[in-house]
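For reference, the structure is listed below as structure tokens.
Just so it is clear, none of the values below were taken in a lab; they were calculated from the coordinates. Everything numeric in this text was worked out from a predicted model, so none of it was measured. In this analysis, Cβ positions are derived from the backbone assuming ideal geometry, glycine residues included, and neighbour counts consider all displayed protein chains.
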Amino acid sequence: MKIAMMSRWNATCGISAHAELVGRDWVKKHDLTVFAPTLESATDWHHNPLEKEDEEFVIRGYEQPEAIGKTGWIDERLWKGDYDIFVLQGLELLPIPTLLEMFPKIEAKKVLVWHAGKLPEYEDLYKLKFDAVVCFDSRFKKMLNEKYPEERIHIIPFPCRMVVKGDKKRAREELGIPRGKTVLFSFGKEPLFEYEDYLWLANELKEKYDLKYFVLRSYGEIPSKSDFLEVRRGRPQYEEIYRYLHASDVFLWPRSEAETIVVSSTVFQCLGALTPIVVPAVKHVELLDKEVLKYKNRDDLKEKVVRVLEDEDFRKEVLNAAERYVIKNSSERIANEFIALFSHLRTLI
């Protein structure tokens, strides 16, 4: 099957994470071409491209607009290529007016993977006719029913990075982390206020445990002179992030509540490291249950972290639930669900 996908690629955003997780499985058995935005146009602050080379199947083939509804260049190979399936991810980040002009030229079956947490008000977006619209869960489907026919909307869960069981001793040696410490870990470039609960937690626990809180950030200081805090610099790929997760006792994911429907690509990519994930009870993890530790306030946060550190049976219960979820929603399984959908679409006249 020949698949063309128009999406972010080698970037830090959730759209790119989804595209890469399924795309790397598709390319093992199918002919995949990825049309990604030019590096010059894809430099919005929270979606910075990662510093790694594109694969040979990636074409920097369109300009990402500054705002929805703006035009932009698209490589003509997108509609001149002989593709069976055309997949779009992150529609609100694409040059819609240009897409409207060239859409009729694309003979492939067209599939939209919906990421936005609300319906954009730009009505021309809905003039693009898709054979199928894929969303991640029932919350998105209910919203999309306002704009797309029921029979064209399909739920395929967000994929998880595969389970990789680590060696804590080895990971700590490689990262220069003392073996006997109780290690809390966070990463990302979230606003500093989202770390406040975790800095409070570390300060609460420092007398009870020989504790170190590592925060990996690409930029931005955390204004704390506490001995328990160590801020490291970097924008690593997930192989390196997994090394930190394997070296840690708890992963503290900083996140504030969202106003719209959302899923967490970070959580889905980190579950497979099998390190307990602690998260605020926000919409990002609304549909997860025992796979993560959700807290409602600081007292609840402290209680859950102490329990997962001291109660081995509870810790195993959390990690077993996480492993089951990852296996059920592995990138390979999710990629295959897409292929099944693609195969069905090809049978339709």
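Dividing the helix sum by the residues of the chain, where each DSSP H run of 4 or more adds -39500 (n - 2.57), gives a mean residue ellipticity at 222 nm of -10000 deg cm²/dmol.
Does anything in segment 115-147 have its amide N under 12 Å from the 7 Å Cα→Cβ label point of Glu259, and if so which residues? Label zone hits: 118.
Rg/Rh for segment 168-328 (Cα atoms only, Rh after Kirkwood) is 0.92. Close amide-amide hydrogen proximity is noted between Val134 and Leu112, Val113, Trp114, His154, each under 5 Å apart and 5 or more residues distant or on a separate chain (H modeled in the peptide plane; Pro and chain starts excluded).
A simple spin-label model places pseudo-atoms 7 Å from Cα toward Cβ; at Glu230 and Asp137 they are separated by 3.5 nm.
If you wrap segment 31-163 in the convex hull of its Cα atoms and look at it from every side, the mean projected area works out to 9.3 nm². Averaging the sequence gap over all C-alpha pairs within less than 8 Å and six or more residues apart, then dividing by the number of residues, gives segment 1-145 a relative contact order of 22 percent.
When the chain is treated as a Gaussian network with alpha carbon springs shorter than 10 Å, the biggest mean-square fluctuation among Glu291, Glu239, Glu92 belongs to Glu239.
What whole-number distance in Å separates the alpha-carbon centres of segment 69-122 and segment 313-340? Between the Cα centre of segment 69-122 and that of segment 313-340, the gap is 30 Å. For Val34, the residues 5 or more places off, or on other chains, whose built amide H falls under 5 Å of its own are Met5, Val58, Ile59. Put in line by how crowded their Cβ is, counting other Cβ atoms within 10 Å and starting with the fewest, Ser7, Ser256, Ser224 read Ser256, Ser224, Ser7.
Can you compute the label reach from Leu119? Point 7 Å from Cα along the Cβ direction, backbone N cut-off under 11 Å, restricted to segment 141-159. Under 11 Å, as judged by backbone N against the label point of Leu119, lie 142-149 of segment 141-159.
The lysines within cross-link reach of Lys181, meaning a Cα-to-Cα straight distance under 17 Å and a gap of 8 or more places when in the same chain, are Lys168, Lys169, Lys206, Lys208, Lys212.
For the chain, calculate the relative contact order in percent as a whole number, restricting contacts to Cα pairs under 8 Å that are 6 or more residues apart.
Relative CO of the chain lands at 15 percent.
Among Leu39, Leu301, Leu94, a tally of other beta-carbon atoms within 10 Å of each Cβ gives an order, fewest to most, of Leu39, Leu301, Leu94.
Looking at this model, which pairs from Lys80/Lys129; Lys28/Lys294; Lys129/Lys189; Lys147/Lys294 are more than 25 angstrom apart at the alpha-carbon? In this structure, Lys28/Lys294; Lys129/Lys189; Lys147/Lys294 lie more than 25 Å apart at Cα. I'd like the distance between the alpha-carbon centres of segment 147-185 and segment 209-278, rounded to an integer number of Å. What the calculation gives is 11 Å, centre to centre.
Residues Ser226, Ser330, Ser265, arranged from fewest to most other Cβ atoms within 10 angstrom of their Cβ, appear as Ser226, Ser330, Ser265. Which of the three applies to segment 130-254, rounded, prolate or oblate, going by the alpha-carbon gyration tensor with a ≥ b ≥ c and a/c under 1.5 meaning rounded? It is prolate, given that a/c is not under 1.5 and a/b is the larger ratio.
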